[in-house]
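What follows is a single structure, written as structure tokens, with notes after it.
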Ligand code: ADP
Ligand code: MG
């Protein structure tokens, strides 16, 4: 085997390894052990739904994946690269992780278009004309192309959340984290957001989704993680999780919501 072949094999190994990897991650808030020995690997194109009672640590786990929260011990890698605690390298790796929150967090004083343009220009250093073209294309894709020149307050909640998704996608992330993206929406707007997420999943986007939408979990997830008290208590296929959960905690949780 030539040296070249060896290094090709090595880089292939990185490209086909897990996209997100957490090893032995622990985090405390004072006396509260909010994440306890989290070990998790997410493959390219995988859709992982994270379910669990309120306060179990789902949001904290999402936020640690792009270091919006620091961790006490363990390691996190995105696409084979360890996430540093701080610095320029962190900003670059963080841009690989798109995040969509319950509250849409759009800039109220910027137009919809500008909301999707801004970070591309500032963080990714994309030329403005190109950033605008990308923004218009993404806004079309999530079905709000006609709203590009309006301000967020002029849009419905469902439209605003779709803009937030377009804004995250504009950074060309490797993985998208959704933390209860439909929880703040009026019921009639939930589906339009879930539809956008379904189409992203179908296109092969790697996604971690915290949601109470069990229909979405059943139909779109490759894997369900059930969290309780800062631990991943159960990992299962969606079918098995909803029909025959293994853990008592999951059985109890499902009996309350289904
Ligand atoms: P979930 O998203 O599953 O509802 P969270 O990750 O938001 O849970 O919270 C997990 C636990 O950590 C809760 O008990 C919450 O009160 C606590 N917590 C979350 N953020 C903080 C913080 N910044 N400081 C102290 N405690 C926090
Ligand atoms: Mg939460």
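The values are calculated or read from the model by the stated rules, or taken from the named source; none is laboratory data. Since we're looking at a predicted model, the values are computed, not measured. Here the Cβ is made from the backbone with ideal geometry for all residues, glycine too, and neighbour counts use every protein chain on show.
Within the range 139-156, the only residue that satisfies the criterion of being within 19 Å of the chain's Cα centre (by Cα) and surrounded by fewer than 21 Cβ atoms within 10 Å (Cβ to Cβ) is 141. Pairing each residue of the range 38-63 that is touching a residue at least 12 places away in the same chain (Cβ under 8 Å) and farther than 15 Å from residue 78 by Cα with any residue that is in a helix (DSSP H, G or I) and within 8 Å of ligand 2 (Cβ to nearest atom), provided the two are 6+ apart or on different chains, yields C-beta distances under 6 Å for 50/58; 52/58. Entry remark, the range 74-87: residues being in contact with a strand residue (DSSP E or B) (Cβ under 9 Å, 6 or more places away or on another chain), on the phi > 0 side of the Ramachandran plot and part of a loop (DSSP other than H, G, I, E, B) number 2 in total.
Yes/no matrix, rows are residues, columns are (1) away from ligand 1 (no atom under 16 Å from the Cβ); (2) at pLDDT 95 or above; (3) assigned to a loop (DSSP other than H, G, I, E, B):
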site: 4; (1), (2), (3): yes, no, no
site: 25; (1), (2), (3): no, yes, no
site: 44; (1), (2), (3): yes, yes, yes
site: 69; (1), (2), (3): no, no, yes
site: 89; (1), (2), (3): yes, no, no
site: 92; (1), (2), (3): yes, no, no
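Which residue, of 189, 176, is assigned to a strand (DSSP E or B) and surrounded by 15 or more Cβ atoms within 10 Å (Cβ to Cβ)? Reasoning before the result, please.
Values: 189 fails: assigned to a strand (DSSP E or B).
None of the other options fit; the residue is 176.
Restricted to the range 15-73, and to residues that are more than 16 Å from ligand 2 (Cβ to nearest atom) and on the phi > 0 side of the Ramachandran plot, which residue is surrounded by the most Cβ atoms within 10 Å (Cβ to Cβ)? Among them, the one singled out is 67.
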